[in-house]
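Report on the structure given below.
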Protein chains: 2
Amino acid sequence: MRIEGKEYRTIWFENNVVKIIDQTKLPHQFVIKELKTVNDAINAIKVMEVRGAPLIGGTAAYGLALAVQENNDPEFSKKSAKELIQSRPTAINLKWAVDRMMKKLAGINSNKILDIALNEAKEICDEDEKFCENIGTNGLKVIEEIYKKKKDTVNILTHCNAGWLATINWGTATSPIYHAHKKGIPVHVWVDETRPRNQGANLTSYELNEEEISNTIIADNTGGILMQRGEVDMCIVGTDRTLSNGDVCNKIGTYLKALAAHDNNVPFYVALPSSTIDWEINNAKDIPIEERNSEELSHVEGIDENNQLKKVLIYPKKSNAKNLAFDVTPAKYVTGLITEKGICEASTQGLKELFK
Amino acid sequence: MRIEGKEYRTIWFENNVVKIIDQTKLPHQFVIKELKTVNDAINAIKVMEVRGAPLIGGTAAYGLALAVQENNDPEFSKKSAKELIQSRPTAINLKWAVDRMMKKLAGINSNKILDIALNEAKEICDEDEKFCENIGTNGLKVIEEIYKKKKDTVNILTHCNAGWLATINWGTATSPIYHAHKKGIPVHVWVDETRPRNQGANLTSYELNEEEISNTIIADNTGGILMQRGEVDMCIVGTDRTLSNGDVCNKIGTYLKALAAHDNNVPFYVALPSSTIDWEINNAKDIPIEERNSEELSHVEGIDENNQLKKVLIYPKKSNAKNLAFDVTPAKYVTGLITEKGICEASTQGLKELFK
């Protein structure tokens, strides 16, 4: 998608280096960063210059190609693979991408090994882009239906960033929105700020601005009254993990929006590539919920009157804070799952039918 | 209640001046400010050095006493009364307190007029304190019931600041909590940060800290999963306006917590003095919802590494934001209304029985 009028993917290879958009600098600065070594890639994942499961996977794949470029001894690749997997142990796509790369490279000793590694990394990214594109064309149908009835701007609420910046391109929750916009359907997006890390404001609103899609940031508290007033036609969010029974684990606060949507008869959709379905767990209580540093709550970063990045403490010095990163939305509050293969009911049955 | 170990009310008269706690400086600085003239009082209300309907009423009453102290010409009092009422036109208690003062002072020409004015202002504050105390003893019963069953720390979630800093003393939603704590019942409070103005973090957590009541600030997104996990035993919030049918208008985001409480069988109480009941309106759609400056969302104030107050822009420069200040929680999601006269059902019937 576009930034400052130019088309990008979130990661690409050019002149012997891997290039990424440094997402820790957004939205205040747009910086393209070069990764020259596998260690650069590991670090980019660790410090969250890249984030979002699909993009982390893509970065790990290119990271392994960089390892091959540095040193084509298979032992070095093995060591690098291990380190890459450990850079953020909980991301499913990370291990999957590294394993796929290692399988492809196994036993290859020719001077073609770098080309093969780079091709496979690009292939992994291309596939993710295609998945997200399909999510877009499938979700587009829902937006089209609403537009046909309403014949006026379709108001869509989203939470956090399940946008193209979290993937290689298109995003998951945003992909139907981008497809609708490209088709000329007037859309307006309510963007939940998404405390504590504000990825809604920092990333989703940022990327929608750059694609010139009308959007308005709201406090996470605001979605309820907007739905009561009929100012939300549908919700679309992403997910970190979808259980085999259709329960959806996503960024903290998603559950509250699903409740409000249910209470006001607003359709609530979850967009996901099938790679995030967890076929093993079917009880939400078994999902480990990440608890992060409370400083993400008590301190906020922004730019001051001199355009300088500044971090400030916003809480009383004596106060404690608790920072849970995810919550679980029971399947009964989810209108449908928008996947690369089509839309299905959020249930064991619905998922089984689509992914036999 | 206490700040830095010393007992305070939010407003008092001492050495010919009215003293207030400058709430724009909290939680980072504790500053007592002197109001010497009626204009000082008007300004304190306007710039929100004092806030919360009961405290605004008390400040207006003392403001009129200051007017009398400056100039005991009845014309000056009349002019001052008008200006006070206009300082924040929507606060119901403001006009009520000024009218009561003017009625008391009407026709008095003796040199006792200042004493009478000061006594009446103190009386208004004393009455509010008594109302809040009664809300506390009534709400205490609910906490006691939970404690009897659970025999362990009672976890209470609150939203925004309906604390003593919004009243003269005790607060509304916090009063049952303070009473339980004083009685030795172990309580822990989950404090919703309450974006965009963060009054939960800035004021509620601050005042609970100063009373040494265990509390934890959470993002507004977090209450849902805490309730799913059984980590919330009850919710208590305040209200800006309660409709005669029991619907509750309160700080934006209250509705989402009420939905989560309902979904998880957590009791959801609203604490209020009967003065905030709106006997005229019985349709939530007729309540005007204040929309405030979007800068309250896009800019955040805190202290930097040099302990200096600093305001930073946290949103992308191109982004728009919408800042609705209140939402409405339908009566069906409210377990009960805790008032100075007792606890009643949130319904026309319930309110009528208690306030015939």
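Which of rounded, prolate, oblate describes the range A:60-166, given a ≥ b ≥ c as roots of the alpha-carbon gyration tensor eigenvalues and a/c under 1.5 marking rounded, otherwise prolate only if a/b is larger than b/c? It comes out prolate by the Cα gyration axes.
The label-point distance for A:LYS150 and A:LYS356, in a model that sets each label 7 Å from Cα toward Cβ, rounds to 3.6 nm. Per residue of B:211-217, other chain Cβ atoms within 10 Å of the residue Cβ number 3 on average.
Taking a ≥ b ≥ c as the square roots of the eigenvalues of the alpha-carbon gyration tensor, the range A:2-127 is classed prolate because a/c is 1.5 or more and a/b outweighs b/c.
Roughly how many debye, to the nearest 20, is the charge dipole of the range A:256-356 about its Cα centre, given +1 on each Lys and Arg Cβ, -1 on each Asp and Glu Cβ, and no other charges? Working shown, then result.
Values: 12 positive and 15 negative charges, 39 e Å.
Once rounded to the nearest 20, the dipole reads 180 debye.
Take each residue in A:187-194, count the other chain C-beta atoms within 10 Å of its C-beta, and the mean is 2.
Cα centroid separation, the range B:51-88 to the range A:1-66: 61 Å.
Just to be sure I understand: if you take the accessible area of chain A alone plus chain B alone and subtract the pair, with a 1.4 Å probe, what total do you get in Å², rounded to 100?
Working: alone 16830 and 16810 Å², together 28480 Å².
Buried area between the two chains comes out at roughly 5200 Å².
Just to check, using Stokes-Einstein with a Kirkwood Rh over alpha carbon pairs, what's the diffusion coefficient of the protein assembly as shown at 20 °C and 1.002 mPa s in µm²/s?
Numbers: Rh = 27.3 Å.
Once the numbers are plugged in, D ends up at 78 µm²/s.
Of the residues B:LEU64, B:VAL38, B:MET48, the one whose Cα sits farthest toward the positive end of the charge dipole of the range B:2-127, with +1 on the Cβ of Lys and Arg and -1 on the Cβ of Asp and Glu, is B:MET48. The largest accessible area among A:ARG229, B:ARG2, B:ARG51 belongs to the first residue in A:ARG229, B:ARG2, B:ARG51, and the rest follow in falling order (1.4 Å probe, all chains). The accessible-area ordering, largest first, of the residues A:SER80, B:SER214 stands as B:SER214, A:SER80, per a 1.4 angstrom probe. Hull volume per residue, based on the alpha-carbon atoms of the range B:129-354 and their convex hull, is 135 Å³. Over all pairs of different C-alpha atoms in the range A:47-104, the reciprocal of the mean inverse distance, the Kirkwood hydrodynamic radius, equals 11.2 Å.
With all protein chains in place and a 1.4 Å probe, the accessible surface of the range B:129-354 carries 43 percent carbon and sulfur.
The mean number of Cβ atoms from other chains found within 10 Å of a Cβ in peptide A:253-261 is 6, as a whole number. By the rule of a C-alpha distance below 20 Å, with chain neighbours fewer than 8 residues away ignored, the aspartates and glutamates paired with A:LYS149 are A:GLU231, A:ASP233. Of the residues B:GLY224, B:GLY163, B:ALA331, the one whose Cα sits farthest towards the positive end of the charge dipole of chain B is B:ALA331 (charges of +1 on Lys and Arg Cβ, -1 on Asp and Glu Cβ, taken about the Cα centre). Phi angles of the range A:248-257 translate, via the Karplus equation with coefficients 6.51, -1.76, 1.60 and θ = phi - 60°, into HN-Hα couplings of 10, 8, 8, 3, 3, x, 4, 4, 5, 5 Hz per residue; Gly and Pro are given as x. Computed with a 1.4 Å probe on the full set of protein chains, the accessible area for A:TYR269 sits at about 30 Å². Remark: the range A:284-289, residue by residue, has Karplus-estimated 3J(HN,Hα) of 3, 5, 7, 7, x, 9 Hz, where x stands for each Gly or Pro and the curve is 6.51 cos²θ - 1.76 cosθ + 1.60 at θ = phi - 60°. If the chain linking A:GLU301 and A:GLU280 were pulled fully straight, counting 0.36 nm for each residue of separation and taking away their Cα-Cα distance, it would gain 3.7 nm.
How would you classify the range B:113-238 from its alpha-carbon gyration tensor, with a ≥ b ≥ c the square roots of the eigenvalues: rounded for a/c under 1.5, else prolate if a/b is greater than b/c, otherwise oblate? Walk me through the numbers on the way to the answer.
Details: a/c = 2.80, a/b = 1.61, b/c = 1.74.
The shape class here is oblate.
Our coupling estimate for the range A:264-281, obtained by passing each phi through the Karplus curve with A = 6.51, B = -1.76, C = 1.60 and θ = phi - 60°, is 10, 6, 9, x, 10, 10, 10, 9, 7, x, 4, 5, 9, 7, 9, 6, 7, 8 Hz, Gly and Pro reported as x.
Look at where the Cα atoms of the range A:114-170 and of the range B:296-356 average out, and the two centres are 35 Å apart. For the set B:LYS141/B:LYS182; B:LYS183/B:LYS251; A:LYS150/B:LYS285; B:LYS150/B:LYS257; A:LYS322/B:LYS151; B:LYS151/B:LYS332, the pairs lying more than 18 angstrom apart at their alpha carbons are B:LYS183/B:LYS251; A:LYS150/B:LYS285; B:LYS150/B:LYS257; A:LYS322/B:LYS151; B:LYS151/B:LYS332. The mean accessible area for residues of the range B:2-127, using a 1.4 Å probe and ignoring ligands and nucleic acids, is 49 Å² per residue. Based on Cα contacts under 8 Å between residues 6+ apart, the range A:129-354 shows a relative contact order of 22 percent. Candidate cross-link partners of B:LYS95 among the aspartates and glutamates, defined by an alpha-carbon separation under 12 Å and a same-chain spacing of 8 or more, comprise B:GLU83. Pairs B:LYS25/B:LYS130; A:LYS36/A:LYS311; B:LYS6/B:LYS130; A:LYS78/A:LYS122: which are spaced more than 22 Å apart, C-alpha to C-alpha? Beyond 22 Å: B:LYS25/B:LYS130; A:LYS36/A:LYS311. Accessible surface comparison of B:HIS262, A:HIS299, probe 1.4 Å, protein chains only, largest first: the order is B:HIS262, A:HIS299.
With only Lys, Arg, Asp and Glu charged, each at its Cβ (+1 for the first two, -1 for the last two), find how big the charge dipole of the protein assembly as shown is about the Cα centre; round to the nearest 20 debye. Numbers along the way, then the final one.
Values: 88 positive and 98 negative charges, 98 e Å.
It comes to approximately 480 debye.
The values are calculated or read from the model by the stated rules, or taken from the named source; none is laboratory data. From a predicted model like this one, the values you see are computed outputs, not experimental measurements. Quick reminder, even Gly has a Cβ in these numbers, built from the backbone with ideal geometry, and neighbours come from all protein chains shown. Accessible surface is based on the protein model in full, side chains and every heavy atom, while ligands, DNA and RNA are left aside. Shrake-Rupley method; radii C 1.70, N 1.55, O 1.52, S 1.80 Å.
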